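The values are calculated or read from the model by the stated rules, or taken from the named source; none is laboratory data. Note that the structure is a prediction, hence the values are computed from the model and not measured. Here the Cβ positions follow ideal geometry from the backbone for every residue, glycine too, while neighbour counts run over all protein chains shown. SASA here: full protein model, heavy atoms, side chains in, ligands and nucleic acids out. Shrake-Rupley method; radii C 1.70, N 1.55, O 1.52, S 1.80 Å.
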Amino acid sequence: FTEYAVLGALCFCAFRFSRRYAFSVVALCGLAAALTDETIQLFVPGRSGQVSDVWLDFAGYLCAVLAGLLIVKCRRRPLSS
């Protein structure tokens with residue numbers, strides 16, 4: 001979870017300053033990374049790729065991306081007095 005949260009934060013920052021910023025693109029990158037990671041584990045002796053691990057990895061990724069979106073939204077909001 002933590003490893004993918006870091007990846008999510010880094011991808012959010014990378015796409016945030018890109019012209020092609022879209023939440024769906026950022027989310028697909030995280031899902032692709034999680035699926036690739038679990039698929040690679042199928043070919044390693046003693047390891048197994050699990051669907052639940054894909055969801056857990058993707059959840060960590062999305063938590064970081066959503067936290068980044070929340071931070072950006074809060075920084076843009078003007079302070080009211």
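So Asp57 fits all but one of (1) open to solvent by 80 Å² or more (accessible area, probe 1.4 Å); (2) touching a residue at least 24 places away in the same chain (Cβ under 8 Å); (3) within 9 Å of the chain's Cα centre (by Cα); what number is the exception?
(1)
Inspect segment 8-28 for any residue being open to solvent by less than 50 Å² (accessible area, probe 1.4 Å), aromatic (Phe, Trp, Tyr) and in contact with a Leu (Cβ under 9 Å, 6 or more places away or on another chain) and give the result as yes or no.
yes
Among the residues that make up segment 45-52, is at least one of them open to solvent by less than 90 Å² (accessible area, probe 1.4 Å), modelled with pLDDT of 85 or more and among the β-branched types (Val, Ile, Thr)?
Within segment 45-52 (the criterion being open to solvent by less than 90 Å² (accessible area, probe 1.4 Å), modelled with pLDDT of 85 or more and among the β-branched types (Val, Ile, Thr)), the answer is no, since none of the residues qualifies.
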